[in-house]
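The values are calculated or read from the model by the stated rules, or taken from the named source; none is laboratory data. Here the structure is a predicted model, which means the values were calculated and not measured. When we count neighbours, we look across all protein chains shown, and the Cβ atoms used for this are built from the backbone with ideal geometry, even at glycine. Accessible surface areas use protein heavy atoms only, side chains included; no ligands, DNA or RNA. Shrake-Rupley method; radii C 1.70, N 1.55, O 1.52, S 1.80 Å.
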Amino acid sequence: MQISRYDDSVKFDALLLPLREEDCANLPDLSDEVRGIVSYLVSRRDFTGKKGSAVRVPMSGSPANVYLIGLGRKAKCTANVVRESLASALRTTGRQHNKSAYVVLSHLKGYDGLGFAFGEASGFCGYVFDKYKAKGDDYEPFALTHIYSDVFDDGINTGLKFAEAQIYSREIANEPGCAVWPAVMAEKAQSLADECGLKCEVWDEERLRAENAGGILAVGSGSKNPPRLIHLTYKPENAAKKIAVVGKGITFDSGGLNIKPDSYMLTMKGDKTGACNVLGIMKGVASLGLNVEVHGFLTCAENMPSGSSYRPDDIITARNGKTIEINNTDAEGRLVLADALCVASELKPDVIIDMATLTGACAVALGKYRAGLFCNDDELAGKILASSERRGEPYWRMPLEDENIAESLKSPYADLVNSGERYGGAIFAALFLKEFVADGIAWAHMDIAGVDFNDKERGIYPKGASAFGVRTCLDYIAGL
Ligand code: BES
Ligand code: MN
Ligand code: ZN
């Protein structure tokens, strides 16, 4: 998408006019023709600026269309409301055959993050996952290629980079299990590394054995596609901080021998979203040139039932020597994360953030639009929640202190069991992960089960992978 500054000589197909309710009484600068028709619609109350409302006005000439976009009341209209409204309006604009659009924004100046909102929305608007669909006669490609605006600042470029990072994650997360398995994740990581100048190290099965990564090996043992632990490094000179981001990369979660019922198994291609997000974050960090040393870990395996699968009752040993009694092979995410958290801890980073589609329990507790945040450090939690608020990606802080649930981690035969009772399942999983984070490291765990995929298009989110988590993490890292 090409974004340029608007000037009077520019010809465009569509004019987008985002208006708060209060703006309807006091319209911004517009050509006489456009002002005439907008005033008329406003006077008839066909358009009032109500949030979520949108009116298309066909015109004869240039612009061919005027789109009125309601932003709601001024008091409630944040930069995120602008971002979401613009993203859906631009998407509609592109689908309705407009090749170029002029977005009028100068009347909204004063919003912190206005340029960012516009840049991100512009970067997002055309994305769909349709590579497997026939492009027949009825196929209408997204037409929009040029967007102009009367507000032009550095935030636009940052917003575009954020959008690109998220699209990168989505593009891989949307792929089915027959196209992406652990070795493919490693190839994708390597090509990202080549593109962005990152270091990429891949541990294959043999290396995982040599490194005592018993959790990753156990989970991967049932699949003909062996597991991988992938480590990407972005290391600028004189970095201010060192952080590690760890993503769960189960390329398909059938449940293993504790096989999932049919309806639960469907959508489990999305169980690699944490790892895909780490790829997106690494791309974002590199393209923004952030001054932070960032280590990205993708802990990848395919959880399948077979004669070589790990079993219920098995006792495995994680990289830090802790033994785990398996009581459910479907609680596999925490096992691949266990080893990866050990490896990340060994680098002695200031902060570790992990992201995982970890528990159905978290989705039950918080719904499909809000992720769970578990954190052993109040300052870190505060910063992450501030980033989440600023970038419009909601989280809810969950408890990490619970003596009773901690007690249920104990096994009669090993140091830990991998799953507990159904109640409090998300907290159990977080407490399990905590056993693999070295003491003294500030750590945050994001449970993104449920928010990883959208069943239908919703505001800024297209149907399919959401890349939920990328925006918040990038914003947090950018602020270090
Ligand atoms: N990948 C699933 C969790 C999940 C559920 C993600 C729904 C997205 C949507 C995870 O590996 C899993 O199977 N968790 C089990 C844990 C249980 C066996 C302790 C669950 O949540 O039921
Ligand atoms: Mn599972
Ligand atoms: Zn899983």
(message) Heavy atoms only, 1.4 Å probe, whole protein assembly: order Trp443, Trp203, Trp181 by accessible area, highest first.
(response) Trp181, Trp203, Trp443
(message) Accessible area of segment 149-191 with a 1.4 Å probe: how many percent of it is carbon plus sulfur?
(response) 55
(request) Determine which aspartates and glutamates satisfy two conditions relative to Lys50: a Cα distance under 16 Å, and not lying fewer than 8 residues away in the same chain. (result) Glu21, Glu22, Asp23, Glu84
(request) Could you tell me what percent of the DSSP beta bridges with both partners in segment 38-187 are antiparallel, to the nearest 5? (result) 55
(request) Using a cut-off of 12 Å between beta-carbons, work out the net charge of the residues near Gly119 (Lys and Arg +1, Asp and Glu -1, Gly119 not included). (result) -2
(request) Take the solvent-accessible surface of the protein heavy atoms, probe 1.4 Å, and return the percent of it on segment 285-358 that carbon and sulfur atoms account for. (result) 46
(request) Return one number: the angle in degrees, 0 to 90 and rounded to the nearest 10, between the long axis of the Cα atoms of helix 425-434 and the longest principal axis of the Cα atoms of the chain. (result) 70
(request) Report, in degrees rounded to the nearest 10, the 0 to 90 angle that the Cα long axis of helix 182-196 makes with the longest principal axis of the chain. (result) 50
(message) Students sometimes get this wrong: rank Glu175, Glu389 by accessible area, probe 1.4 Å, all chains present, largest first.
(response) Glu389, Glu175
(request) Pairs of Cα atoms under 8 Å, at least six residues apart: use those to get the relative contact order of the chain, whole percent. (result) 15
(request) Mind scanning Lys76/Lys109; Lys269/Lys383; Lys51/Lys76; Lys260/Lys410; Lys348/Lys434; Lys188/Lys456 and naming the pairs with a C-alpha gap bigger than 19 Å? (result) Lys269/Lys383; Lys260/Lys410; Lys188/Lys456
(request) For Trp443, list long-range residues whose amide hydrogen, built 1.01 Å from N in the peptide plane, is under 5 Å from its own amide hydrogen. (result) Ile352, Asn376, Asp377
(request) State the answer as a single residue: which of Leu160, Val82, Tyr127 lies farthest towards the positive end of the charge dipole of segment 67-167, with beta carbon charges of +1 for Lys and Arg and -1 for Asp and Glu, about the Cα centre. (result) Val82
(message) Going Cα to Cα from Lys11, which lysines come in below 21 Å? Please leave out same-chain ones fewer than 8 positions away.
(response) Lys99
(request) Return the aspartates and glutamates within reach of Lys242: Cα separation strictly under 20 angstrom, same-chain partners fewer than 8 residues apart disregarded; answer none if there are no such residues. (result) Glu201, Glu293, Asp339, Glu346, Asp350, Asp354, Asp377, Asp378, Glu379, Asp439, Asp475
(message) Considering only C-alpha atoms, what is the centroid distance from segment 179-248 to segment 97-173, in Å?
(response) 30
(request) Quick one: compute the contact order of segment 289-424, relative version, from alpha carbon pairs under 8 angstrom and 6+ residues apart, as a percent. (result) 27
(message) Can you compute 3J(HN,Hα) from phi for each residue in segment 438-449, using the Karplus curve 6.51 cos²θ - 1.76 cosθ + 1.60 with θ = phi - 60°, rounded to whole Hz and x for Gly and Pro?
(response) 5, 4, x, 9, 6, 9, 10, 10, 10, 8, 9, 4
(request) Note the angle between two axes, namely the Cα long axis of helix 154-173 and the longest principal axis of the Cα atoms of the chain, as a number of degrees from 0 to 90, rounded to the nearest 10. (result) 50
(request) Once you have a ≥ b ≥ c as the square roots of the Cα gyration tensor eigenvalues for segment 10-100, tell me rounded if a/c is under 1.5, and otherwise prolate or oblate according to whether a/b is larger than b/c. (result) oblate
(message) If each DSSP helix of 4+ residues adds -39,500 (n - 2.57) and the sum is divided by the residues in the chain, what number results at 222 nm, nearest 500 deg cm²/dmol?
(response) -10500 deg cm²/dmol
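Net charge near Lys368: determine it from the other residues with C-beta under 12 Å of the C-beta of Lys368, scoring Lys and Arg +1 and Asp and Glu -1.
Working: positive: Arg370, Lys456, Arg458; negative: Asp452, Asp455.
Charge balance in the 12 Å sphere: +1.
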(request) Determine the shape class of the chain: with a ≥ b ≥ c the square roots of the Cα gyration tensor eigenvalues, call it rounded for a/c under 1.5, and otherwise prolate if a/b is greater than b/c, oblate otherwise. (result) prolate
(request) Could you go through segment 357-362 in sequence order and give the Karplus-derived ³J(HN,Hα) for each residue, using 6.51 cos²θ - 1.76 cosθ + 1.60 with θ = phi - 60°, rounded to whole Hz, and x for Gly and Pro? (result) 7, 8, 9, x, 4, 5
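Rolling a 1.4 Å sphere over the protein heavy atoms, what is the accessible area per residue of the chain, to the nearest Å²?
I get 42 Å² per residue for the chain.
Among rounded, prolate and oblate, which fits segment 236-296 when a ≥ b ≥ c are the square roots of the eigenvalues of its C-alpha gyration tensor, a/c under 1.5 means rounded, and a/b larger than b/c means prolate?
Prolate shape, in that a/c is at least 1.5 and a/b is the bigger ratio.
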(request) Out of all DSSP beta bridges with both ends in the chain, state the antiparallel percent to the nearest 5. (result) 40
(message) Going by amide H atoms built from the backbone, whose H comes under 5 Å of the H on Ser223, apart from near neighbours?
(response) Met304
(request) Please state the charge dipole magnitude for the chain, taken about the Cα centre, from unit charges on C-beta atoms (+1 on K and R, -1 on D and E), reported in debye and rounded to the nearest 20. (result) 1160
